[in-house]
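Before any comments, here is the structure.
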Amino acid sequence: MARNKEVSLLLLDVGPSMHSSLEYAEKALSGYIHAKMLNKPSHEVALIYFGTSDTSNQLNTEMAASGDDDQYQFITYDQELRPPDMSFMTSLSSIAPGDGKPDFIDALTVAADSLFRTLADRPILDKANIAKRIILISDFATPAKDDPGDDFVPTLMEKLAEKDVVLEVNCLDTALQESTQNHSRDANLQVLHRVLSAVRHTVKRLRSETEILGVFKAKEYSHTAYFTGEFRLSNAMHIKVKVCKKSSQERPLAVSKYSDRGHAPNSSHAILTDTEYKSSTDPDKIVPAENRVKAYKYGKQNVPLPAQDEGILKFSPDKGLWLLGFVETQQVPRHTFMKDVWLVAADKTTEKSLVAMSALSRALQARNTVAIVRFVPRASGAVVMGACTPLLGNGRQPDCLLLNHLPFFEDMRSFTFASFASRPEAQPTPAQLSATDDLIDSMQLVQGDEEQLKPDETVNPTLNRFYAFMAARVVDPNAAAPELDPLTSRIMLPHLDTLPRARAALAAAKEAFPIKLSAAEKAAADAENRDQGDEPAENGQAGTSGQEEEKKDEGPRFNLDAAPTTQAETVGSSSPVEDFESLVQQGRPDIAFNGLARIIETLVARSLGDRSFGKALSCLQALRQGCIQHSRPQLFNDTLTLLTSKWDSQPNCKAFWIKVHDASLQQISSQEETSSPVSPREAEAWFKSHAPEQKVEEEQPKPEPMEEDQDEFADMD
Amino acid sequence: MDVYDPTAVENEDEEDTFGREGHEQLQEYIIFLVEASPSMQQPACGDLPQEYKGKTWLQIALMTFEGFLRARIISNANDQLAIVFYGTRESHNAHDFSNIYTFQDLDSPDATRIRCVQDLIGNPERDFTVQIGGCQERKPDHFKDGLFTVAAMLANLKTKTAAKSMYIMTNDPNPASSSSSLRQQAMQRAHELKEAGTLIDLYPMTPPDEDFDMAFWSKVLEQPDADPWEDDNNVERLQNLQSLTRSKAFRKRTICSLRWHLGSELQIAVQLYAMIMPATTSKSVWLEAENNQPLVHSTAQVCNDTGDILTDISKYRFPKPDVAEKSRLPPVLLDADTLKQLKFCMSPGLRLLGFKPVTALEAYHQLRPPAFVYPDERSLPGSAVAFIALHARLLARKMFALCSFVRSRVAEPRLAALLPQEEEIDDAGCQLSPPGFNLLYLPFADDLRHPETDPSFTGTSYPQASQIQISKAAAMIHALKLDSDVLAVNNPRIQRHFQVLEALALDEPVPEQVLDETMPDEEGQESIRPQVLAFRDSVYGPDHDEVGKIAARTPKRKAPEPENAAAVASRDWKALAQSGKLSTLKVPDLKEYLEAHSLPKSGNKTAIIERIENHLANQDAQ
């Protein structure tokens, strides 16, 4: 029962207290619409603003027709329910801040009413398996008109419950300017809870405006069973179950390579990958498919195995889920879980299976044990050793099992590490331990029922940014690539604003543990701190007001181009010369030299106009100097040759060469470095013969190497 | 001179290889130096694992070597191994030393080498005694010359970056007792080896409960400038030869070195290690059919519109054309820098965000294998103290540290839990689990799904079990407790893959199937039948009608439909099989036969045909 329909109504508060947050709401909603268009193009969405200056909705029109024209005011039904298209995106890109009174009860009423009308008109949507959602984003700062005597709203809510509509409330819970507003928010939320008590709903608190960006997941999944069958407890008993993914890493949708060579209107702009197999003895001989045979490596041997025989390599188990036995929870420690997680649920149609599953999971919970299972989801497929732990539903959802992969013998490595106790010089003093305890106390992320950065509620900021940018480009093809966005900072850097004692405790820890950074590291750390706008002076008075929050979120909190705080591992494009020097100092000259040579090529090839030429030139100068100092003249000379050889294929190389020529960067001759095979005269002659105007045929650039990874990001650097 | 390859793609996006080792390129050279004297050819005694019973010490040493060869084929097929005997009757080595026998010189493992070692183990009288033999008298020279042979083998290596190890297996506590000058020479050799970066390890071939005088050996093994933060092996040396293959089959290599930032001022240097790394089957390559030589492949990017070969691709399109078509979205064009900037936006490191109780970590907060985190005192002195303080307090308070984690410059920022792990040492002093933090990769909301709350998956009625039913289940759980060693079984899929390749490489018949250690223990489960039945009856009722039907009572597969049976009967399957024409039939037709004979219908066409042929052959036999 794959679902290909879903209905969601978006309700956004655009009233006065929301104005500063609209920028974030716009991004979040555009991202949501964009994701729907990308992944679920047949899902239907409606867009309703409330708190608008104008009014445009059916209930208002009808009431007005009957003479009562001040009902359901300041609600604009902006986009009718339909599969979203570009007009949604355009509308969102220019949300008008409203000065009407935002009444969320009215807005909910309008939304629910319109939903029922649609369901009546289009009975096909009125099916239990088509999920229906109303998503509300507001700060609840304006008191709603609450009329307990009115029975219209309760009737509406009952009907919502009957149609199994889910209400997702996102409450922006930042401090408001006036205390009266804070008061009305509390009152509003109480009203909301009363009104919603009959309906399935979730309420998500957003602790800062930036968290609005994280309201929606990048992609929604319908839940289809990966395995349906029997959970065999032994020969004597089984439980009918379905297994479905519970966690799985979400990655950005792939981009494809684009060719701008074709100019015809119907050009595909596609790039095909053409692989040729050549004989190792005769490089000119291309071996056709029928003359190739597949082989598998066994140590250094290649064992040929014709395609029709490949099956014998396979271990071919029957599919199924078997119970092997039970172990104590501590026998399968958390860090032995190896991959993503499955959910094992009893088949919903057989009540006794549900009861059996409930009994098993509750008994596991009570006895603090884990069920060890053998799971073969596909016949002839992989065999999984799994650990099943209970996930209890407490009546709101069924009792289920979570199935985690356990490692096989081949997957495990056991390394020994020196015991901490064996290092008397590294034992913390009581003062250090107490500083550590203070730090732990000051940075508690779980307080009562409140948990910050709960994985279930924290979206992946990188994915979010990726899609937000794509959505922005759809509306405006010239939209600039985002700076490091506030959501990434919000999630990936400590929330010192919500942990008031943390600054002091961190400073105390710094004093307690004298760890000396080298001068270079210190400078790099300071640079990063400056970029984060993190001034240690403002101890303790971490801002919690909305405005201060806003100020902090404006700029990037740390700089992309900041020098890394750790030692360079490779030569990157942001500060190549520094990386190079660092690597040479670390005694890793091969990585340093090759990396620098490569980065020059990359910088030149990817330069927009001559933008990166200056940087590339300084790299080239550094490379020349380094090659002389470290007796590697050939590398530098090869780099020059390579640049000239690419004149034809890359216009950038040719343009860059003018700079090289102006800077008189000649080949390294034997005069400068004795190991160079090039005499000073030869170097001079070569340089002249490669003056920028001239075109010299050099060896052809080698073809691109095989790309095994389909992920377009893989070759990004 | 390094060769500058301008076209090499920097494969830096190691995000996917988290868990696979980052610096796997490093080759390792391992030499076993095994004493062959008569005392080593005595049957081993003492409290030994089952597989060593009745074997000689020499056989056990060889079995260990064989285990190494196999493990390397699966993990690092490029590593090179050698085995040298000292104190042999015959001599065979590059330097014409007497009583030194280089049985296998340094080379990567393959099937033939495994077979040679197996022959030596399996038939010591014929193969070992005749070919190599033990020298009747122990002489101090033997060990010294053995060391020299090993040193020469390692000195000849062209590569300088490789890791080198030597494992000595002997039961002689003092091979140079009679001559102090020879002892000096042996020490000198060992010292030179260590200077050249070789790790030396000793495995005394003596009963586990017997004392072994380490006076001489500890001098040999002592690393001259050992880093106190590297592991010290002294504890483990005498134990667990069996686990040697596993623990030493993989050299401890760091995934990466990082800084753990506690606020803006305090940094702790740490290193990450992969302790769990999913093993994979070996890769396939293409050979030229005529001569079985590997083919060289080259790939070109061709413009679909013009047929031009493109050497530099600077533009990308989002989404892919097929997605774009469905989504009604105009394509977005991007350049490589923008894409990179979108994805990789933070400098590498761990940044502390706060602390949570261990109970906040759900079993489904899980995506990938963890990494193990250990302080890196050498790179930043003082790190260890801070690390140990955090470790101690978090362990005591049952909490973990929540951090943001960027593994490298080209890795996506993620959230990670640093979960403290206590050091565990068994009675014999072996380290079972090292002290440090396990870095668990946390999912984001985008990575989590909620099938349990989806009525279309789990329905809307959630009946709960009664206390009686729960207690019956608990009784069953109690009865079917397993030992922890069920958790260390071989992966039948990997074993099968390499078993078949090994047979094919040796031109031997392919074995039927591997031993599948993952199957339930039938006997064990039979013995708890009463408890299972009690649980079953409490849920499904004594007549267990509805879903309690036990599998044996329901026919597993439907009886063939009459027309189906007719269709099946209409073909002369035997004739088809004999003439090899089964493959001319379509898969659905073939499956009708399987259905009619209640055979499994899984697998591809080849498998199906094979199953039919087997079935026909069996019928004939009957």
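Each reported figure results from applying straightforward, stated rules to the coordinates on display, with no laboratory input. Every value quoted in this text rests on a predicted model; they were computed, and no experiment measured them. Every residue, glycine as well, gets a Cβ built from its backbone with ideal geometry; the counts of neighbours run over all protein chains shown.
Of note:
- Inter-chain Cβ neighbour average for residues B:92-103, partner chain, 10 Å: 0
- Summarised as an ellipsoid, the protein assembly as shown has semi-axes of 54, 44, 35 Å, derived from the eigenvalues of the Cα gyration tensor scaled by 5 and square-rooted, with the largest first.
- Listed residue (A:G587, A:I130, A:Q181) projecting farthest to the positive dipole end of the protein assembly as shown, Cβ model: A:I130
- Cβ charges +1 (Lys, Arg) and -1 (Asp, Glu), total dipole of the protein assembly as shown, debye: 2340 debye
- Loop-located GluC sites (Glu not before Pro) in segment B:246-331, at most 15 other Cβ atoms within 10 Å (DSSP): B:E290
- Fewest neighbouring Cβ atoms within 10 Å first, the residues A:D99, B:D454, A:D151 line up as A:D151, A:D99, B:D454.
- Counted over segment A:6-214, the DSSP beta bridges are approximately 15% antiparallel.
- Within straight-line reach of B:K472, meaning a Cα separation under 24 Å, sit the following lysines at least 8 residues removed in sequence or on another chain: A:K240, A:K242, A:K348, A:K352, B:K481, B:K549.
- Considering only alpha-carbon pairs that sit under 8 angstrom and 6 or more positions apart, the relative contact order computed for chain A is 9 percent.
- By the count of neighbouring beta-carbon atoms within 10 Å, fewest first, B:F85, B:F444, B:F148, A:F152 end up ordered A:F152, B:F148, B:F444, B:F85.
- For segment A:381-451 versus segment A:249-328, the gap between their alpha-carbon centres in whole angstrom: 38 Å
- Per-residue Cβ neighbour rank within 10 angstrom, fewest leading, A:V327, B:V302, B:V130, B:V150: B:V130, B:V302, A:V327, B:V150
- Only lysines eight or more places from A:K40 in sequence, or on another chain, were considered; those with a Cα closer than 17 Å are A:K5, A:K132, A:K217, A:K219, B:K320, B:K326.
- Neighbours of B:P357, meaning other residues whose beta-carbon lies under 9 angstrom from its beta-carbon, give a summed charge of +3 when Lys and Arg score +1 and Asp and Glu score -1.
- Antiparallel bridge percentage (DSSP; both residues within the protein assembly as shown; nearest 5): 65 percent
- Per-residue shielding of B:71-82, expressed as the average number of other chain Cβ atoms within 10 Å of the residue Cβ, stands at 2.
- Charge tally for A:K246 (other residues, Cβ to Cβ under 14 Å; Lys, Arg +1; Asp, Glu -1): -4.
- Cα-Cα over 27 Å, subset of A:K257/A:K294; A:K615/A:K688; A:K27/B:K315; A:K36/A:K454: A:K257/A:K294
- GluC sites (Glu not before Pro) within segment A:36-94: DSSP coil, no more than 13 neighbouring Cβ in 10 Å: none
- Within 10 Å of the Cβ of each residue in A:306-313, the mean number of Cβ atoms contributed by other protein chains is 5.
- Proximal lysines relative to B:K144, as straight alpha-carbon distance under 23 Å, when same-chain residues fewer than 8 apart are discounted: B:K164, B:K194, B:K219
- For segment A:173-281, GluC sites (Glu not before Pro) meeting the loop criterion (DSSP other than H, G, I, E, B) and having at most 15 other Cβ atoms within 10 Å: A:E178.
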